[in-house]
Amino acid sequence: MINYFFTSDIHFNHTAVLEYCNRPYKDVFEMNEQLIQNWNNIVKGNDIVYVLGDSCFGNTKTNIECFQRL
């Protein structure tokens, strides 16, 4: 069975989103790890996820690594 998910505004590596959105993490590294863990606990191999908003901040190798871990 394939599940479909919709999400937005993940904001990997966006330091300011911690304050703007009152996210309860000490830094982006902790936030990234928790977001990846949450995603992987729910989304399985055949599932389809539509990301409809901001996914990451900056153009860094870390962003690619985050998505590869999902």
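Annotations
- Degrees between helix 28-42 axis and first principal axis of the chain (Cα, 0 to 90, nearest 10): 10 degrees
- Here the relative contact order of segment 1-48, from alpha carbon pairs under 8 Å that lie six or more residues apart, stands at 52 percent.
- About its Cα centre, the dipole of the chain is roughly 140 debye, where the only charges are +1 on Lys and Arg Cβ and -1 on Asp and Glu Cβ.
- Listed options for Rg and Dmax of the Cα atoms in Å are [x] 12.3, 38; [y] 17.9, 56; [z] 10.9, 32. The value calculated from this structure is the one marked [x].
- Sites Glu65 and Asn22, calculated FRET efficiency, Cβ-Cβ separation with R0 30 Å, nearest 0.05: 0.70
- Spin-label model, Asn38/Thr7: points 7 Å from Cα along the beta carbon direction are separated by 0.8 nm.
- Structure remark: mean-square fluctuation, Gaussian network model of the chain, C-alpha springs under 10 Å; the largest value among Asn38, Asn13, Asn46 belongs to Asn46.
Rule-based calculations on the coordinates, nothing more; no lab input. Just so we're clear, the structure is a prediction, and the values are computed from it rather than from any experiment. Note that each Cβ is placed from the backbone with ideal geometry, even for glycine, and that neighbours are counted across all protein chains shown.
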